[in-house]
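To keep things clear, I will list the structure first and then write my remarks on it.
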Amino acid sequence: MNLMVIGGGGREHAIVKKLRENPAVETIYVLPGNGGIAHDAVCTGISATDIDAICAFARSHDIGYAVVTPDDPLALGCVDALEDLGVPCFGPNAKAAVIESSKIFAKCLMQKYGIPTAGFRVFYEADKALDYLDHVNAPIVVKADGLALGKGVVVAQTRQEAKDAVVAMMEDKRFGASGERIVIEECLEGPEVSVLTFTDGTTVVPMVSSMDHKRAHDGDTGPNTGGMGTVAPNPYYTDAVARECMERIFLPTVRAMNAEKRTFRGCLYFGLMLTKNGPKVIEYNCRFGDPETQVVLPLLESDLLTIMRATTEGTLAETEVKFRDAHACCVVLASAGYPLAYEKGLPLDIPAETWPHVYVAGAAEKDGALVTNGGRVLGCTAVAPTLRGAIDEAYRLADSIHFDNAYCRRDIGARALAAQEA
Ligand code: AMP
Ligand code: GLY
């Protein structure tokens, strides 16, 4: 069977490597892919948001199954369009993807169905939002309603910072239409946990939990990034917490989406904060997380394609989803300066023995050689019996790779290690 994966980052590389383990898989086409993913699949250069071109490609390449990964094509109805052509897909349709593409929708869903989340207010006009901020205390969180490349959330430490965020979003239109409507919400405290789940709209199967490291620099300082590294499992996510999340958050969310006639199939990602009043939802994503996927899938023992097809066919309850009892750590190598200004086009040297552990996010092929082509260039993932072992090995792998001005955080997993030892 030929497969098509829509997207082109480290997460898609991890998905491609896992899908290839199934012997029935013939060619995997990636749209657009990147110079590094091209080691493991056929990359096409077709944009992940060009739905017409994606459909034309599916028609001409005998695609048996498609995996639609990034938020944009999901929100644009890529799954709807492919299914209309008769191509079965992994991922939610546009009606269900709104759980990520509209924070207002997500917050109102949680409020209506009693799913624990931060208290909030919705604003359509800047002056009303600014007036409201005069009556609440910082810290407080300001969120653009729509997709904003992960930059639409400001955790404001002062009232002025919150007001600046409102002006940037609603008046200066920093995020275009995404910031025309905003949510202002209570600031929660506690460890954060990412839980990716498979769901077919009835059954919810959580994957192994993980911990992201979103800030650019050590000690969780510096600007927010797309993620500088991850570990799995997350030591804060105990069996008792997992049971509570299933009963109070995961199943209620899937049922709520059914009640709203927006049945969700695919990977539903729960960004959780474990507060002293119990776990609460910080955000929903309608897709695999990046770089969470790069630690979660290497721990998956069962066949990914079989599980994905079960979410499409509604047979997840009868499908084996087994994770290895081990630890994984992913260290991201970025170009110095990321997420602000950074260089591209730097020659990239990856030793052959490191390749199996590498997930390439931003690289291109130039004159037959690999060069950097993004802020986050790649991630290295190690799996080991202990967290300490996984961290040490991930850094050994990362240090074996060379490009000029390569940068990584040196403390990926340190907080998890401290929590585990506490
Ligand atoms: P997001 O861009 O939605 O992934 O959010 C970015 C980060 O903002 C999250 O990972 C949290 O660390 C933080 N955040 C979002 N909402 C809240 C909240 N209500 N309270 C505290 N931190 C939050
Ligand atoms: N790592 C967070 C995300 O994928 O949104």
Original post:
If ALA328 passes every condition in (1) buried (at least 22 other Cβ atoms within 10 Å of the Cβ); (2) over 22 Å from HIS39 (Cβ atoms) but one, which one does it miss?
Top reply: (2)
Original post:
Does ARG255 satisfy the condition of being more than 13 Å from ligand 1 (Cβ to nearest atom) and over 21 Å from GLY201 (Cβ atoms)?
Top reply: no
**OP:** Spot the failing condition for ALA48; the list is (1) within 16 Å of ligand 2 (Cβ to nearest atom); (2) in contact with a strand residue (DSSP E or B) (Cβ under 7 Å, 6 or more places away or on another chain); (3) in contact (Cβ under 8 Å) with a residue 60 or more places away in the chain, and only one is missed.
**Re:** (3)
Subject >> Failed criterion for ASN285 (all others in (1) within 15 Å of ligand 2 (Cβ to nearest atom); (2) under 16 Å from ALA382 (Cα atoms); (3) not aromatic (Phe, Trp, Tyr) hold) >> reply: (2)
**OP:** Could you list all residues from the range 112-136 that are surrounded by fewer than 15 Cβ atoms within 10 Å (Cβ to Cβ) and among the aliphatic types (A, V, I, L, M)?
**Re:** VAL136
**OP:** Please find, within the range 7-32, the residue that is farthest from ligand 1 (Cβ to nearest atom) out of those that are in contact with an Asp or Glu (Cβ under 8 Å, 6 or more places away or on another chain) and within 14 Å of PRO73 (Cβ to Cβ).
**Re:** VAL30
Subject >> Selection within the range 168-180 - away from ligand 2 (no atom under 16 Å from the Cβ) and either at pLDDT 95 or above or among the small types (Gly, Ala, Ser) (or both) >> reply: ALA168, GLY176, ALA177, GLY179
Original post:
From the set of residues in the range 331-352 that are under 14 Å from GLY222 (Cβ atoms) and not hydrophobic (A, V, I, L, M, F, W, C), which is surrounded by the most Cβ atoms within 10 Å (Cβ to Cβ)?
Top reply: TYR338
**OP:** Starting from residues that are farther than 15 Å from LEU304 by Cα and part of a strand (DSSP E or B), keep the ones in the range 200-218 and report whichever is nearest to ligand 1 (Cβ to nearest atom).
**Re:** ASP212
**OP:** For LEU109, work out the one condition from (1) touching a residue at least 24 places away in the same chain (Cβ under 8 Å); (2) within 12 Å of ligand 1 (Cβ to nearest atom); (3) closer than 25 Å to LYS276 by Cβ; (4) surrounded by 15 or more Cβ atoms within 10 Å (Cβ to Cβ) it doesn't fulfil.
**Re:** (2)
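Residue by residue, here is whether (1) in a helix (DSSP H, G or I); (2) farther than 27 Å from LYS344 by Cβ; (3) aromatic (Phe, Trp, Tyr) holds:
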position	(1), (2), (3)
VAL5	no, no, no
PRO23	no, yes, no
ALA53	yes, no, no
ASP72	yes, no, no
ILE99	yes, yes, no
**OP:** Under 9 Å between Cβ atoms, at least 6 apart or on separate chains: pull out the pairs that start in the range 264-291 with a residue that is more than 13 Å from ligand 1 (Cβ to nearest atom) and end on any residue that is of a type in the set (S, T, N, Q) and part of a loop (DSSP other than H, G, I, E, B).
**Re:** PHE264/ASN93; ARG265/ASN93; CYS267/THR69; PHE288/THR69
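The values are calculated or read from the model by the stated rules, or taken from the named source; none is laboratory data. These figures come from a predicted structure and were not determined experimentally. Methodologically, a virtual Cβ is constructed for each residue, glycine included, from the backbone with ideal geometry; neighbour enumeration extends over all protein chains shown.
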